[in-house]
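The next block holds one structure in the form of structure tokens; read it before the comments.
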Amino acid sequence: MTNGYELYGAEVSYFTGKVRAYLRYKKIPFVETIANREVYKTVIMPRVGWPVIPVMVTPEGDTLQDSTDIIDALEVRFPDPSIYPATPRQRLAALLLEVYGDEWLKIPAMHYRWTKNREFAIAEFGRLSRPDLPVEAQRKIGEEMAKPFAGALPALGCTEASGPAIERSYEGLLAELEAHFAHHDYLFGSRPSIGDFGLIGPLYAHQYRDPASGELMKRVAPHVAKWVERMMKPPHPKEGEFLPGDDVPDTLMPVLQRMMREYLPVLLATAEQFKAFLAAQPDMASGEKELPRAIGMHDFTLEGVTEKRAVFLFDLWMFQRPLDYLRSLEGADGEAVGKLLNMAGGEAMMTFPDYPRLARRNFKHALA
Ligand SMILES: N[C@@H](CCC(=O)N[C@@H](CS)C(=O)NCC(=O)O)C(=O)O
């Protein structure tokens, strides 16, 4: 047994923010420990096998990793109030926006952090890892620790060529969310949903807390900044309702349209590339060899600019959630979400090709 729920993470971390916001809304008692060098060595590596946060250790001593798996395990233990809308349009939109926040909005988050908040991020990385050292030594350590993160920019498609398009897309998204949060506390009413928790990942640590990004958000999208504050310090934990009548507010349509326009072609190409990859790699198709995180490169287009990015399996694992839900719907429910997807420009989701199912084993992707 341990002392309640233990969260290992950091203020600078995308997915720790998602889990922390959830724990606070649900009023689940937890202790957060900063994942410094010692914690990576003594807790994260032995339990998870690779360096990643957030990690949760339950009171029974079980390890959970991946924000989605952490949240879903806790939803079983603390079901009320559910963060999953019960009605089809809201639920599908929430699941879609979780994937969008988790995977696609990494692009602007990483672009802004490492091109506009670099010195701050390096100082924070050093301070969190080695609080015992003087500032100059922390800076050197921060510089080392930042390498894999800043080095991931080209794999995410963040380059000098795509930078202006990333900024146009992100500022467009901020304007769309601003129009929504001017009228609603959360995406679907007065209760946060899994979609809100997906979006808070990029929109807290990177886009609100990093100073240059926070200045931009507060200036051009003050209602979005207020939503971030509500998410991170819920004024009414465990309260609120989803809008009646399965309403997906019109103000969310431009956000869903942006997701479908920018990201659905990438998901389709990723599914096709995964099938081709397995056909060419029998030892991976048979499960003998571990799947890699990325399976090559492909083109993507943002605001008219085409750039290359790595093809990540994480996207396909996450996309199974809205896809499974969509495929489970019949009759009037199926028709209702069909109309929603049409309006969002996401018709292609209804004929999305089957692809080999992904599961998580030993905190990594594996064929199910
Ligand atoms: N999708 C995972 C991803 C976790 C993740 O990417 N964590 C970042 C920090 S926010 C990290 O530790 N990355 C190290 C790596 O990916 O190698 C989650 O939801 O927990």
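The values are calculated or read from the model by the stated rules, or taken from the named source; none is laboratory data. Remember, it's a predicted structure, so these values are computed and weren't measured experimentally. Cβ coordinates were reconstructed from backbone atoms using ideal geometry, including for glycine residues, and neighbour counts include every protein chain displayed.
Go through (1) touching a Ser or Thr at 6+ places or on another chain (Cβ under 7 Å); (2) within 15 Å of the ligand (Cβ to nearest atom); (3) not acidic (D, E) for T63 and report which single condition fails.
Only one criterion in (1) touching a Ser or Thr at 6+ places or on another chain (Cβ under 7 Å); (2) within 15 Å of the ligand (Cβ to nearest atom); (3) not acidic (D, E) is unmet by T63, namely (1).
Kindly check whether there is at least one residue in the stretch 115-137 that is away from the ligand (no atom under 15 Å from the Cβ), crowded, with 23+ Cβ neighbours inside 10 Å and either over 16 Å from the mean Cα position of the chain (by Cα) or not assigned by TED's automatic domain parsing to the domain that holds L173 (or both).
Yes.
Looking at the stretch 24-39, I want the residues that are over 13 Å from G4 (Cα atoms) and have a partner that is polar (S, T, N, Q) and modelled with pLDDT under 95 with Cβ atoms under 6 Å, at least 6 apart or on another chain. Which pairs are those?
Note: pairs meeting the criteria are N36/S129; R37/S129.
Residue by residue through the stretch 182-197, note down the ones that are in a helix (DSSP H, G or I) and either in contact with a Lys or Arg (Cβ under 7 Å, 6 or more places away or on another chain) or under 26 Å from A123 (Cβ atoms) (or both).
F197
Taking the residues in the stretch 1-59 that are among the polar types (S, T, N, Q) and part of a loop (DSSP other than H, G, I, E, B) as candidates, determine which candidate is nearest to G198 (Cα to Cα). Spell out the reasoning first.
Quick first cut of the stretch 1-59, residues among the polar types (S, T, N, Q) only: 2-3, 13, 16, 33, 36, 42, 58.
Still in the running and part of a loop (DSSP other than H, G, I, E, B): 2-3, 13, 36, 58.
Working: T2: 28, N3: 27, S13: 13, N36: 25, T58: 22 Å.
Among them, the one singled out is S13.
Search the stretch 139-163 for residues that are within 17 Å of P108 (Cα to Cα) and not assigned by TED's automatic domain parsing to the domain that holds A35 and pair each with any residue that is more than 16 Å from the ligand (Cβ to nearest atom) and part of a helix (DSSP H, G or I) when their beta-carbon atoms are under 7 Å apart and the residues are at least 6 apart or on different chains.
Qualifying pairs under 7 Å: C158/I166; G163/T115.
Scanning the stretch 285-322 for residues that are of a type in the set (A, V, I, L, M), touching a residue at least 60 places away in the same chain (Cβ under 8 Å) and away from the ligand (no atom under 16 Å from the Cβ), which turns out nearest to G101 (Cα to Cα)?
Among them, the one singled out is L302.
Quick test of your reading of the structure: D315 fulfils all but one of (1) under 23 Å from S169 (Cβ atoms); (2) over 23 Å from the mean Cα position of the chain (by Cα). Name the failing condition by number.
(2)
Does at least one position in the stretch 127-138 carry a residue that is without any contact (Cβ under 8 Å) to a residue 24 or more places away in the chain, of a type in the set (K, R) and not in a loop (DSSP other than H, G, I, E, B)?
yes
Before we move on, is W50 among the aromatic types (F, W, Y), in contact (Cβ under 8 Å) with a residue 60 or more places away in the chain, within 13 Å of the ligand (Cβ to nearest atom) and surrounded by fewer than 18 Cβ atoms within 10 Å (Cβ to Cβ)?
Here the answer is yes, as W50 does meet what is asked.
Which helices (runs of 4 or more DSSP H) does the stretch 258-368 wholly contain that include 1 or more residues that are modelled with pLDDT of 95 or more and either surrounded by fewer than 20 Cβ atoms within 10 Å (Cβ to Cβ) or not β-branched (V, I, T) (or both)?
Details: elements: 282-285, 313-328, 331-344.
Answer list for the stretch 258-368: 313-328, 331-344.
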